[in-house]
Every structure is written in structure tokens, then in C-alpha cells.
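The block underneath contains the structure these notes are about, expressed in C-alpha cells.
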Amino acid sequence: MNTDNHNTEKTKAVVLLSGGLDSSTALAWAVKQQGWECHTVAFDYGQRHHIELQASEQVADAFGVINHRVIKVDLRSIGHSALTSDMPVPKDHADTSEIPSTYVPARNLIFLSLAAGLAEAVQATRLVIGANVVDYSGYPDCRPEFMDAFVRTALLGTKAGSEGGELEIAAPLITLKKSEIIDLGLQLGLDYGLTRSCYDPLPSGSPCGHCDSCFFRQQGFAELGKSDPLDYPKETTID
């Protein structure tokens, strides 16, 4: 991958920053490893894990991004997801469907479209997303072929693209295990205590410890022999 470090003018990037572990690591990669000038965007889409929006602001501030935006998109009106409706969030690996009920219809398609619009407005040539196919292989909008197809569409459907502009998607975590993602973030100075990953947090904001997101996160830290800085219910802690 071309990191553009040889250019005198910094490459501009728009980073999709939910405030979760993966997207925060992707931002750390873009800022610290690539040296890109980053704008970040989070989406208030009616998700029950609303606390992640506060986390996105804290992570963006920690990495000195140019500008952090929160865009409101009502995906709750579409529903059909455990994250945007009254459907129960699967706990303790209860969801055995091929595509988990935590899949939000067309979420990355919508988010990347808005991010591409922002990239055109700020003249960014990179979109950075923390998509991963190892732990969440059931999500069709996290696959590399989807990312490639989206870029082709965005170049066809934007003024910048029609005038020969450049746009690429960087998904640096797409084939990494959770432990590898965490290890990368730690090397890049990311404080994971700022991030939030739980799909169904407690009223206090603490993670539930039972959803898949909590499980994979704790497992990743355990594989590294490290403790997750978040406060989980004691009975769900993975050593």
C-alpha cells in the first residue's frame, strides 16, 4: 500500500470513528503509522450503544484530528436489527444465524456514502474503516469485495471522481485477529480505556460482558496476557 509519506503535502483521510476498539485502532494507524491528516466522522443512527459517541469524541481528541463530526442518521426507523430496535441483543453466543441479528441493514453502505461526501468536501483521498472479517465474518458489508465495489461506485457518482480525482479505502484491520488489532493499537499509543465496544451497555455505561462484542474484546486482551481497562461484571471476566 502506498503510504504517501514521500509527499510534501500530507494525505488527507476521512476516518469512520464509532468510538469502538476497531475504528479507534484504525484511526491510530492512520495518524501514527501513515502520518495522514485525518478528519473523523461518527454516526448517531439510533443505536442502543449510544455511549460510543462520547468515546468517539474522546478518541478523536486524543489523536488531534482536524475535525470530528457526528452525523445523525435515523436507522431505527428501518429497524430489523438488535442494535436499532427492541429485538434482544444476543448474549453468550446465543445467535447462531449465518448473519447475526446485530447486523444493521446497509449500515456500512450508508456510512461510507456519507464519508465519501465528506471526503469530497474536504478534498480527502482516503477513507479509513476499521472493518474486520475474522471475528465478524457474518457481516456482508465488512468484506474486501464490498469495499472495492464501493470505491468504484463512489468514483462514478461524485464530482471529484468524474474529474479524475482519487479515492481509496484503507481497511488496515480487515484480516487481523482481535488480539493483533489490540497489539497494534497499544504499539501506536491508543488508550483502550477511552473506547467502548459493548452492544448492550448497562445503565451506568459499563459493558454488559455477555454480548459478542464484549466476548471478542476480552478474549483479545486475554490472548495478549493483558487486562482490558474497561470495568466488566466480575462473572464475565476472561482471564
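Here is a yes/no grid of residues against (1) surrounded by 20 or more Cβ atoms within 10 Å (Cβ to Cβ); (2) more than 15 Å from the chain's Cα centre (by Cα); (3) of a type in the set (A, V, I, L, M, F, W, C):
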residue: 148; (1), (2), (3): no, yes, no
residue: 153; (1), (2), (3): no, yes, no
residue: 156; (1), (2), (3): no, yes, yes
residue: 164; (1), (2), (3): no, yes, no
residue: 178; (1), (2), (3): yes, no, no
residue: 182; (1), (2), (3): yes, no, yes
residue: 188; (1), (2), (3): no, yes, yes
Exercise for the section: Kindly check whether there is at least one residue in the range 140-160 that is among the small types (Gly, Ala, Ser) and either under 26 Å from residue 51 (Cα atoms) or not in a helix (DSSP H, G or I) (or both). Expected result: no
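When the residues of the range 9-62 are filtered to those that are in a loop (DSSP other than H, G, I, E, B) and small (Gly, Ala, Ser), which remaining residue is surrounded by the fewest Cβ atoms within 10 Å (Cβ to Cβ)? Quick ask: steps written out before the conclusion?
Just the residues of the range 9-62 that are in a loop (DSSP other than H, G, I, E, B), to begin with: 9-11, 17-20, 34-36, 45-50.
Now drop any that are not small (Gly, Ala, Ser), which leaves 18-20, 35, 46.
On the way: 18: 27, 19: 24, 20: 23, 35: 14, 46: 19.
Among them, the one singled out is 35.
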Exercise for the section: With the condition kept exactly as written, say whether any residue in the range 210-217 is under 19 Å from residue 47 (Cα atoms), without any contact (Cβ under 8 Å) to a residue 24 or more places away in the chain and part of a helix (DSSP H, G or I). Expected result: yes
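Taking the stated definitions as given, is residue 65 surrounded by fewer than 16 Cβ atoms within 10 Å (Cβ to Cβ), among the β-branched types (Val, Ile, Thr) and over 21 Å from residue 208 (Cα atoms)?
Details: surrounded by fewer than 16 Cβ atoms within 10 Å (Cβ to Cβ): no; among the β-branched types (Val, Ile, Thr): yes; over 21 Å from residue 208 (Cα atoms): yes.
No; evaluated as a whole, the condition is false for this residue.
Out of everything in the range 114-139 that is assigned to a helix (DSSP H, G or I) and within 15 Å of the chain's Cα centre (by Cα), what residue ends up being surrounded by the most Cβ atoms within 10 Å (Cβ to Cβ)?
Taking the range 114-139 as the starting set, the residues that turn out to be assigned to a helix (DSSP H, G or I) are 114-122.
Applying the additional criterion that residues be within 15 Å of the chain's Cα centre (by Cα) yields 114-115.
Numbers: 114: 16, 115: 27.
If we take residues in the range 114-139 being assigned to a helix (DSSP H, G or I) and within 15 Å of the chain's Cα centre (by Cα), then 115 is surrounded by the most Cβ atoms within 10 Å (Cβ to Cβ).
Being in a helix (DSSP H, G or I) and in contact with a Gly (Cβ under 6 Å, 6 or more places away or on another chain) is the filter; apply it to the range 161-196 and report the residue that is farthest from residue 116 (Cα to Cα). Lay out the reasoning, then the answer.
As a first pass, look at the range 161-196 and keep what is in a helix (DSSP H, G or I): 161-162, 178-187, 192-194.
Still in the running and in contact with a Gly (Cβ under 6 Å, 6 or more places away or on another chain): 178-179, 182.
Details: 178: 27, 179: 30, 182: 27 Å.
Selected residue: 179.
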Fill in the blank from the handout: For the range 68-82 the number of residues that are out of contact with any Asp or Glu (no Cβ under 9 Å at 6 or more places or on another chain) and either surrounded by 14 or more Cβ atoms within 10 Å (Cβ to Cβ) or part of a helix (DSSP H, G or I) (or both) is 5
Practice task
Select, from 24, 18, the only residue that is among the hydroxyl-bearing types (Ser, Thr, Tyr) and farther than 19 Å from residue 187 by Cα.
Solution key: 18
Problem - the range 222-233 residues that are exposed (fewer than 14 other Cβ atoms within 10 Å of the Cβ), paired with ones that are modelled with pLDDT under 95 and among the acidic types (Asp, Glu) (beta carbon under 8 Å, 6 or more apart) - result: none
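Restricted to the range 90-113, and to residues that are under 19 Å from the mean Cα position of the chain (by Cα) and not in a helix (DSSP H, G or I), which residue is surrounded by the fewest Cβ atoms within 10 Å (Cβ to Cβ)?
Filtering the range 90-113 for residues under 19 Å from the mean Cα position of the chain (by Cα) gives 99-113.
If we keep only those that are not in a helix (DSSP H, G or I) too, we end up with 99-106.
Values: 99: 11, 100: 18, 101: 17, 102: 21, 103: 21, 104: 24, 105: 13, 106: 13.
Applying the filter and picking the extreme gives 99.
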Problem - In the range 193-235, the residues that are over 26 Å from residue 101 (Cβ atoms), at pLDDT 95 or above and not aliphatic (A, V, I, L, M) - result: 193, 223, 225, 226, 229
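Residues are listed down the side, and each one gets a yes or a no for (1) closer than 29 Å to residue 86 by Cβ; (2) in contact (Cβ under 8 Å) with a residue 12 or more places away in the chain; (3) in contact with a helix residue (DSSP H, G or I) (Cβ under 6 Å, 6 or more places away or on another chain):
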position: 132; (1), (2), (3): yes, yes, yes
position: 140; (1), (2), (3): yes, yes, no
position: 166; (1), (2), (3): no, yes, no
position: 179; (1), (2), (3): no, yes, yes
position: 198; (1), (2), (3): yes, yes, yes
position: 201; (1), (2), (3): yes, yes, yes
Practice task
Could you tell me which residue of the range 5-55 is nearest to residue 175 (Cα to Cα), considering only residues that are modelled with pLDDT under 95 and β-branched (Val, Ile, Thr)?
Solution key: 51
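The values are calculated or read from the model by the stated rules, or taken from the named source; none is laboratory data. Bear in mind the structure is a predicted one, so any value in this text is a computation, not a measurement. Backbone-built Cβ (ideal geometry, glycine too); neighbour counts: all protein chains shown.
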